[in-house]
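Asker: Questions regarding the structure given below will be posed in turn.
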Amino acid sequence: MARPPRTAQERAAARSGWAVGVATALYGISFGALATASGLDVWQACVLSLVMFSGGSQFALIGVLASGGIAAGGTAIASAALLGVRNSFYALRLSRIIGPGFWRRAAATQLTIDESTAVATAQTEPRAQRIGFWVTGLVVYLGWNLMTLAGALLGNLIGDVKAYGLDAAAAAAFLGLLWPRLKARQTQAVAVAAGFVATLLTPVLMPGLPVLAAAAVAIVFGVLNLFGRGDDRPHPDPIPMEREVEP
Amino acid sequence: MTTWNIILLGSIAVLALKAVGWLVPPKALDHPVVARTSDLLTAALLAALICVQTFGSGQSLHLDARLPAVAVAAGLYALRVPFIVVVPAAAVVAALIRLLT
C-alpha cells in the first residue's frame, strides 16, 4: 500500500510521540513497584495498567488502598474515577481529529490519555495530529504495560523513583506539551488561571477535583470568549481537505 | 469487596469515562463555542496537571526540588531546546538537588 511521504510536521509529530511515550513508559516502572508495595500482586498491577490505563487514576487507586486497605475500596474507586473524568474531555477534543469508523474510535478510546491528547493537539496539520495521537498512544500503552510488569517484579530493588527526579520529569513533559499552545492570549489566560485554581484548591479538595475545577475555568473562558478576539478562528479545522498554510 | 473487585470496578469506571466522550456525536462539537471550549479545556487541564505535579503532594502543597527542575525546563523550552533534551534535563536537576540536600 503506497502512502504519500510524511511531511516534516508529520515526522515531528511521530518523534514527539516516541519521546513522550518513552519518558512516560519509564514512569510505569514506578507504578509497578508502588503497586506491589501497596499490597497488590503482580497480576493486579498489570490488569490496572492494561484496562484502567490512566496513570493518575492508577496512582490514586493504589495510594488509597495503601493507606486505607480494602475497607477504603469505595474511596479508591471514586478517586480513580475523579482523576479519569478529564479523559472524557480529551475524547471530545480527539473525536474531531480521529474521525469516523467504529473500530478506529473503539481503539482510540483506550488510548485516550493526557499524553496522546497533548501530542495530537499540539500539531496543526490534521494528518500530523492523527499520527501524533496513534504513535504516542501505542508507544505509551506498550511501554507502560511492560514497565508495570517489570516494576512489579523488581519491586523494591529500584528504590524511590523520586531519587531519579522522575516526578519532576513528568511535570516538565506536560509543560513541553502545553508550551506550543501558549501563543494565543486566550490560551495563556486560561492556562494561568487554571494553574492558580488547581494549586489553590489542592489542599482543600480530594485529589482529582482541583484539576477538574481548572476545567471549569476553561468552560467559563470558552463560553464567554473572555480574552478572545472576535476574528479568532476557534481552531484548525477538524478534518479539512487542504492543508493549512503556515505563515 | 475484594481487592480484585476494587481493581475491576475502578478500571471499568475509568474506561467508561473515556467512552462517554467518544459517544458524543462529532457534529455536536462543530459549534464554534463548543470547539473553542474543548480546545481551551486541554490547555487548562495540562496547566492544572503541571501545577499539581509541581506543587502537590497528596492533599498538601510542597516546595521542593520539582520547582527548580520545572523552572529549568521552562527556560529551556523558551530557548527552543527540544522536548527530548528538556525532560531528562529536568529529571537530572531534581535528582541532583535531592542528592545534594
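Readers should treat all values here as calculations from the given coordinates under stated rules, not as data from a laboratory. No experiment lies behind these values; they were computed from the predicted model shown. Glycine gets a Cβ as well: all are built from the backbone with ideal geometry, and neighbour counts include every protein chain shown.
Asker: State the dimensionless ratio Rg/Rh of segment A:13-144 (Rg: radius of gyration of Cα atoms; Rh: Kirkwood radius).
Answerer: Taking Rh as the inverse mean 1/r over Cα pairs, Rg/Rh reads 1.01.
Asker: Over segment A:45-180, what is the relative contact order in percent, taking alpha-carbon pairs closer than 8 angstrom and at least six residues apart?
Answerer: 23 percent
Asker: Roughly how big is segment B:15-96's charge dipole about its Cα centre, with Cβ charges of +1 (Lys, Arg) and -1 (Asp, Glu), in debye to the nearest 20?
Answerer: 100 debye
Asker: Might you report the magnitude of the Cβ-based charge dipole of chain A about its Cα centre, with Lys and Arg at +1 and Asp and Glu at -1, to the nearest 20 debye?
Answerer: 520 debye
Asker: Using the Cα centre of chain A as origin and beta-carbon charges of +1 (Lys, Arg) and -1 (Asp, Glu), tell me which of A:Gly208, A:Leu138, A:Thr7 is placed farthest towards the positive end of the dipole.
Answerer: Comparing the listed Cα positions along the dipole, A:Thr7 ranks first.
Asker: If you scale each eigenvalue of the Cα gyration tensor by 5 and take the root, what three semi-axes come out for segment B:54-101, rounded to whole angstrom and sorted largest first?
Answerer: For segment B:54-101, the semi-axes come out at 21, 13, 8 Å.
Asker: Relative contact order for chain B: what is it in percent, counting Cα pairs under 8 Å that are at least 6 residues apart?
Answerer: 17 percent
Asker: Can you tell me, using C-alpha contacts under 8 Å and at least 6 residues apart, the relative contact order of chain A as a whole percent?
Answerer: Relative CO of chain A lands at 29 percent.
Asker: Provide Rg over Rh for chain B; use the alpha carbon set for both Rg and the Kirkwood Rh (inverse mean inverse pair distance).
Answerer: On the Cα set of chain B, Rg over Rh gives 1.11.
Asker: Once phi is turned into ³J(HN,Hα) by the Karplus curve 6.51 cos²θ - 1.76 cosθ + 1.60 with θ = phi - 60°, what whole-Hz value does each residue of segment A:53-58 show in order, with x for glycine and proline?
Answerer: 6, 7, x, x, 5, 5
Asker: Normalise the Cα radius of gyration of the protein assembly as shown by 2.2 N^0.38 Å (N = residues in it) and let me know the number.
Answerer: Ratio of Rg to 2.2 N^0.38 Å for the protein assembly as shown: 0.95.
Asker: Let me ask you something else. Output the 0 to 90 degree angle, nearest 10, between the alpha-carbon long axis of helix A:126-154 and the longest principal axis computed from the alpha carbons of chain A.
Answerer: Taking Cα atoms only, the helix is inclined about 10 degrees.
Asker: Counting only helical runs of four or more DSSP H residues, what would the 222 nm mean residue ellipticity of chain B come to if each run contributes -39,500 (n - 2.57) and the total is spread over all its residues?
Answerer: Dividing the helical sum by the residues of chain B leaves -25500 deg cm²/dmol.
Asker: Among the complete DSSP H segments of chain B, which ones combine at least 24 Å of alpha-carbon extent along their axis with a mean Kyte-Doolittle hydropathy of 1.6 or more?
Answerer: What comes out of the filter, once short or polar helices are dropped, is B:3-23, B:83-100.
Asker: At 222 nm, what helix-only mean residue ellipticity would chain A give, in deg cm²/dmol to the nearest 500, using -39500 (n - 2.57) for each DSSP H run of four or more?
Answerer: -23000 deg cm²/dmol
Asker: For segment A:1-67, place one equal point scatterer on every Cα, skip the solvent, and apply the Debye formula. What is log10 of I(q)/I(0) at q = 0.14, 0.17, 0.26 Å⁻¹?
Answerer: -0.54, -0.65, -1.09
Asker: So, counting K/R as plus one and D/E as minus one, what does the shell of residues with Cβ under 12 Å around A:Leu175 add up to?
Answerer: +2
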